[in-house]
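Note sheet for the following structure.
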Amino acid sequence: MTAPDLAPILPSLFLSHGSPMLAVDDSPTGRFLDLLGERLSRPRAIVVASAHFVHARPTVTAAPAPETIHDFGGFPDALYRITYPAVGAPALAHDIAGRLTAAAFEAREDAQHGLDHGVWVPLRRMYPAADIPVVALSVNPAQSAAWHYRLGLALAPLRKEGVLVVGSGGFSHNLRALDWQRGQASAYPWVTAFTDPLRAALLAGDLATALEWNALPYAQQNHPTPEHLYPLYVALGAGGGGARGRLLHRDVEMGGLALDAFAFDTD
């Protein structure tokens, strides 16, 4: 789908990263990401809350040269040879940890952890030159959507400081239910029954409904575990209090992998 160029003040983003093959495949979502970086004002740094970076305490990567982590199995050899050599931003990581601590989170910095595929797969499409510093932020599936929303709220001021805040996960994510032979296909009815009301709530700025995602139809079937959904709420919070979503892209693969992308801000 086509959308207008995004405003000079950076929104926060939620991106569905799908399969690691998104890094190399020609697909509607890949082509969307190829153009997305050009539509944004160039950020001075990027913070990505990734579904694949899980900690009990909010953790930010502080390595000056984070490694590329290939945290998946069973894919073509070429995928494991990809690197995304973006530098880290230890000073920004320290700043973020301070903001989170001030918001009553027990934040920590990790000077060893690299960039998992929830970070580098979408960024490789958006910013292939890997010339913007990157910090990863953890999620905690044992916490709630509201907890992750508060996490994002603490990062909302970064939007006006040239930092792009991204939540990288999946709008629906049940790998066991996917039809791996179907490729790109229409969504299963149980996916539509969940994603339609959640999408509508985000676009309307209906925070109460969005936070109560597990009360929506087929919530557990779409997200048997919530780590791929919770980056959405980090992005929603980072858009600022009262933020509404703007739908940037939607697609579905293998019947059950909804790949919606949103921008959030209060403008």
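What follows is calculated from the coordinates using simple rules that are stated; it is not laboratory data. Bear in mind the structure is a predicted one, so any value in this text is a computation, not a measurement. Positions of Cβ are backbone-derived with ideal geometry, glycine not excepted, and every protein chain shown enters the neighbour counts.
Here are some notes:
- Taking every full run of DSSP H in the chain, none both stretches at least 15 Å from end to end by Cα along its long axis and averages 1.6 or higher on the Kyte-Doolittle scale.
- Using a Förster distance of 30 Å, the FRET efficiency for Ala215-His55 (Cβ separation, nearest 0.05): 0.65
- Highest-first arrangement of 120-130, 44-54, 21-31, where packing means the average Cβ count within 10 Å: 44-54, 120-130, 21-31
- Stretching the chain fully between Tyr80 and Arg31 yields a gain of 15.5 nm (0.36 nm per residue, less the alpha carbon separation).
- Candidates per chymotrypsin sites (Phe, Trp or Tyr not before Pro) in the stretch 126-219, loop by DSSP, up to 14 other Cβ within 10 Å: Trp180
- Gyration tensor verdict on the chain (Cα atoms; rounded if a/c is under 1.5, prolate if a/b is larger than b/c, oblate otherwise): rounded
- Inter-label distance, nm, simple model (7 Å from Cα along the C-beta direction), Asp131/Arg44: 1.8 nm
- Helix-only [θ]222 nm of the chain, DSSP H runs n ≥ 4, -39500 (n - 2.57) each, per residue, nearest 500: -9000 deg cm²/dmol
- The stretch 129-267, dipole about Cα centre (Lys/Arg Cβ +1, Asp/Glu Cβ -1), debye to the nearest 20: 100 debye
- Think of each Lys and Arg Cβ as +1 and each Asp and Glu Cβ as -1; about the Cα centre, that makes the dipole of the chain roughly 320 debye.
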